[in-house]
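The values are calculated or read from the model by the stated rules, or taken from the named source; none is laboratory data. The structure displayed is predicted, hence computed values, not measured ones. For neighbour counting, all protein chains shown are included, and Cβ atoms are generated from backbone atoms with ideal geometry for every residue, glycine included.
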Amino acid sequence: MTKLLVWLILIALVVFAIRSKFRQAQKRYQDQFRQQQQAAQQQSAQQQPQPQQTYKARSAAQAANDAEVMLECAHCGVFYPASETVQANGRDYCSAAHAALPAA
């Protein structure tokens, strides 16, 4: 009976040692795999070109730079570009016809 017990303990120790080695190898493999994935992600992030402004973003920025000041007509209240203003009696009008009329 003692021999049988010794053999069972010896077999259990061998199985435990083998399982421990397999777990260590599996952990090393997983760590290497994660490191390879991280390195690949870093490489792909470095290789991707920086996003350039899209056409819409460029035209919106250009429009903001090119935008003209808008003024309100003293007679009708319509907004119009400042380059088209007609001034009379210290007020801004959208046309000469409105400048001749009384302010609203």
Given the options Phe16, Phe79, name the one that is closer than 30 Å to Ala99 by Cβ and modelled with pLDDT of 85 or more. Phe79
For segment 49-62, state whether one or more residues are of a type in the set (A, V, I, L, M, F, W, C) and either in the same structural domain as Ala99 (by TED's automatic domain parsing) or at pLDDT 75 or above (or both). no
